[in-house]
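Shown next, in structure tokens, is the structure this report addresses.
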């Protein structure tokens with residue numbers, strides 16, 4: 001064949017430094033963004049704080065203006081006017097102290113896994129199977145219930161065991177890797193499978209977890225090397241690799257200490273019956289380009305001019321990406337408020353099932369963009385400071401072909417328990433029966449999981465407490 005030239009048209013996404021910076025800024029929390037901007041100010045002479053007080057983070061007038069800012073001439077009722085800002089929504093009250101003085105609520109293992117399940121490219125049927133598997137995962141990250149019981153809990157869906165195993169294997173590769181394993185050997189095997197093939201000791205470690213793990217303490221390295229027919233150095237490397245793995249992957253998501261605080265990125269408030277959204281004072285730094293240094297570009301020597309032009313370009317990129325970050329965060333939050341206004345008004349009982357895919361489709365964004373936009377972001381609302389992830393919820397199919405969010409089911413359980421006879425508390429089976437009568441068909445096992453997740457003791461314990 002003779003060499004020849006050929007042209008073709010195509011599209012390719014190029015990760016430019018500007019795009020990388022935009023992606024990184026989008027997923028930063030308010031505190032991390034403040035640290036990032038402080039570092040940028042120290043390294044780039046073309047940047048300066050727009051306010052007199054250096055280091056103060058405030059929302060820009062552009063972000064606060066528009067339909068989310070109350071007109072200055074508009075007269076509010078005294079109750080509405082007290083403690084409200086025309087630019088960035090309601091200010092924190094004295095009782096609240098600083099907006100950052102709200103304790104952060106860390107995600108549970110189940111929330112973390114369900115979050116990744118919504119991000120996975122699975123069919124609705126596989127997502128339902130995955131949700132049932134995740135509900136059966138214990139706090140230490142293991143799947144304690146047999147697959148037959150999980151299949152039975154899925155009712156009319158009636159998946160076969162191979163179908164459930166396929167979804168289970170995908171969940172086992174969620175973060176933390178090895179979660180939802182049915183044994184220590186399977187947990188370590190999944191973690192080993194995620195390592196590079198050339199990892200020292202990996203092949204021998206896989207052989208050990210495949211049938212020799214329980215005998216390892218009795219045989220020791222020497223005996224195991226003889227049984228496997230492997231060099232002692234190879235077996236020792238495999239044992240060292242096994243010791244580096246996490247046999248309890250679910251324990252990584254422990255409870256957060258009481259002295260952990262968050263800074264809200266956005267403010268959500270209600271004005272004249274309409275919900276409003278604005279960036280908080282901490283949600284965006286107010287930076288600008290130093291005009292004095294900018295004017296030196298045209299008058300400096302070639303070497304100095306090249307130095308200043310480079311920093312000027314970086315400063316412009318940063319300001320543009322900060323503007324894009326704020327716009328994306330506002331768009332996503334406004335969509336969440338539109339979808340979950342009932343949750344803001346009435347609480348968890350009115351929380352509707354909502355996934356990343358639905359928000360991304362409505363806004364014309366990629367799911368990963370929505371995920372980054374709400375990662376470690378918090379909103380100050382009339383119900384307190386909430387993570388934006390609290391606006392998302394998995395669903396439980398009801399009798400009308402619609403879905404009720406898991407948070408709404410938990411709220412219903414809480415209400416039923418609060419109204420029960422203390423001398424004859426409702427069992428999990430009775431709670432499930434009552435919920436089915438209300439149009440929410442859930443299994444007794446699911447009721448028990450929800451009851452435990454909201455800290456309600458069992459019916460026997462509630463009798464003793466009465």
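Residue-wise test of (1) touching a residue at least 60 places away in the same chain (Cβ under 8 Å); (2) surrounded by fewer than 16 Cβ atoms within 10 Å (Cβ to Cβ); (3) more than 23 Å from residue 393 (Cβ to Cβ); (4) not assigned by TED's automatic domain parsing to the domain that holds residue 246.
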{"residue": "171", "(1), (2), (3), (4)": "no, no, no, no"}
{"residue": "177", "(1), (2), (3), (4)": "yes, no, yes, no"}
{"residue": "182", "(1), (2), (3), (4)": "no, yes, yes, no"}
{"residue": "197", "(1), (2), (3), (4)": "no, yes, yes, no"}
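For segment 299-351, the set of residues classified as crowded, with 20+ Cβ neighbours inside 10 Å and assigned to a loop (DSSP other than H, G, I, E, B) consists of 340, 351, listed by residue number. Out of all the residues in segment 417-439, which are in contact (Cβ under 8 Å) with a residue 40 or more places away in the chain and either within 15 Å of residue 449 (Cα to Cα) or touching a strand residue (DSSP E or B) at 6+ places or on another chain (Cβ under 6 Å) (or both)? The answer is 417, and nothing else.
On the given criteria, is residue 418 surrounded by fewer than 16 Cβ atoms within 10 Å (Cβ to Cβ) and either modelled with pLDDT of 80 or more or outside the structural domain of residue 327 (by TED's automatic domain parsing) (or both)? Yes: the conditions hold for residue 418. Can you find a residue in segment 280-289 that is assigned to a helix (DSSP H, G or I) and surrounded by 15 or more Cβ atoms within 10 Å (Cβ to Cβ)? No. Is segment 286-304 home to any residue that is within 30 Å of the chain's Cα centre (by Cα) and assigned by TED's automatic domain parsing to the domain that holds residue 40? Checked segment 286-304: at least one residue is within 30 Å of the chain's Cα centre (by Cα) and assigned by TED's automatic domain parsing to the domain that holds residue 40.
Here's the yes/no breakdown for (1) outside the structural domain of residue 23 (by TED's automatic domain parsing); (2) modelled with pLDDT of 85 or more; (3) at negative phi:
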residue	(1), (2), (3)
378	no, yes, yes
388	no, yes, yes
405	yes, no, yes
409	yes, no, yes
423	yes, no, yes
436	yes, no, yes
439	yes, no, no
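Out of curiosity, is residue 351 more than 15 Å from residue 267 (Cα to Cα), touching a strand residue (DSSP E or B) at 6+ places or on another chain (Cβ under 6 Å) and outside the structural domain of residue 26 (by TED's automatic domain parsing)? Yes: the conditions hold for residue 351. Of the helices (runs of 4 or more DSSP H) entirely within segment 70-186, those holding at least 3 residues that are at pLDDT below 85 and touching a helix residue (DSSP H, G or I) at 6+ places or on another chain (Cβ under 9 Å) occupy 109-119.
Listed by first and then second residue, the pairs linking a residue in segment 108-122 that is more than 17 Å from residue 353 (Cβ to Cβ) to a residue that is in a helix (DSSP H, G or I), with Cβ atoms under 6 Å apart and 6 or more places separating them unless they lie on different chains, are 109/250. If we scan segment 207-229, do we find a residue that is assigned to a loop (DSSP other than H, G, I, E, B), under 19 Å from residue 114 (Cα atoms), in the same structural domain as residue 114 (by TED's automatic domain parsing) and touching a helix residue (DSSP H, G or I) at 6+ places or on another chain (Cβ under 8 Å)? No: segment 207-229 contains no residue that is assigned to a loop (DSSP other than H, G, I, E, B), under 19 Å from residue 114 (Cα atoms), in the same structural domain as residue 114 (by TED's automatic domain parsing) and touching a helix residue (DSSP H, G or I) at 6+ places or on another chain (Cβ under 8 Å).
The values are calculated or read from the model by the stated rules, or taken from the named source; none is laboratory data. A quick note: this is a predicted structure, and the numbers were derived from the prediction, not measured. Quick reminder, even Gly has a Cβ in these numbers, built from the backbone with ideal geometry, and neighbours come from all protein chains shown.
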